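Bear in mind these aren't lab numbers, they're just calculated from the coordinates by the rules spelled out. From a predicted model like this one, the values you see are computed outputs, not experimental measurements. Note that we place each Cβ from the backbone using ideal geometry, even for glycine, and neighbour counts take in every protein chain shown.
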Amino acid sequence: MAQFFEVHPDNPQPRFLKQVAQILHGGGIAAIPTDSSYALVCHLDDKAAAEALRRIRGVDDKHHLTLLCRDLSELASYARVDNRQYRLLKMATPGPFTFILEATKEVPRRLSHPSRRTIGLRVPDHRVTQDLLAVFGQPLLATTLIAPGDSEPLNDAQEISARLDKQLQAILDAGACAREPTTIIDLSHETPELIRQGRGNAASLGLF
């Protein structure tokens, strides 16, 4: 049964964030708000937690999981980017974009795309997510919270609790957030490719 934490969206209570961080460090799965929708998150280096996250989401190992980062300072440890790509990332972050990038050797093989060695990365523009990442102390492994059989992401913590309570260890409620997934842009090739048009406006980046 998931522990339920209700926090203020603009000034989240640090004690609750610390409790969620402890649950994640202990191998738990949490539902947290972001600037696009709620997301499922777990510890980056916990293989069992990553497998549980995929099971809850109903996806296999070919589905890109995403690294949620506080800012681009953590980028070099996980992805290879050139100057052109970095300028684009700087323009788009923080915000509702996910970028597919070439993974470094630091990224465990189980977390990158099995045939392409790529990883999704994003920097969310949401106070609660940012504060949780600061308390946690490293990026989180994440996926949009779309329940199996659904086409829309979940954006209400009470509904998440009603449907997934037994599969999660924590739910961080900061009120309803946007109900639109991120825009996904693949930067792993020479020419950027729009994979999914979501909440982020790709045209604002001078692409497509």
Restricting everything to alpha-carbon atoms, can you work out Rg to Rh for the range 26-154 with a Kirkwood hydrodynamic radius? 0.93
In whole angstrom, how far apart do the alpha carbon centroids of the range 59-78 and the range 115-148 sit? 7 Å
With 0.36 nm assigned to each residue of separation and the Cα-Cα distance removed, A48 to Q138 gains 30.6 nm
Assuming R0 = 35 Å, what is the FRET efficiency of R117 and R199, from their Cβ-Cβ distance, to the nearest 0.05? 0.80
Report the label-to-label distance for K90 and N11 in nanometres (one decimal), using points 7 Å from each Cα along the Cα→Cβ vector. 3.4 nm
Selected from G58, G149, G198 as most flexible by GNM, with the chain as the system and alpha-carbon contacts under 10 Å: G149
Per-residue ellipticity at 222 nm attributable to helices in the chain (runs of n ≥ 4 DSSP H, -39500 (n - 2.57) apiece, nearest 500 deg cm²/dmol) works out to -7000 deg cm²/dmol
Whole-Å semi-axes of the range 129-208's equivalent ellipsoid (Cα gyration tensor): 28, 17, 12
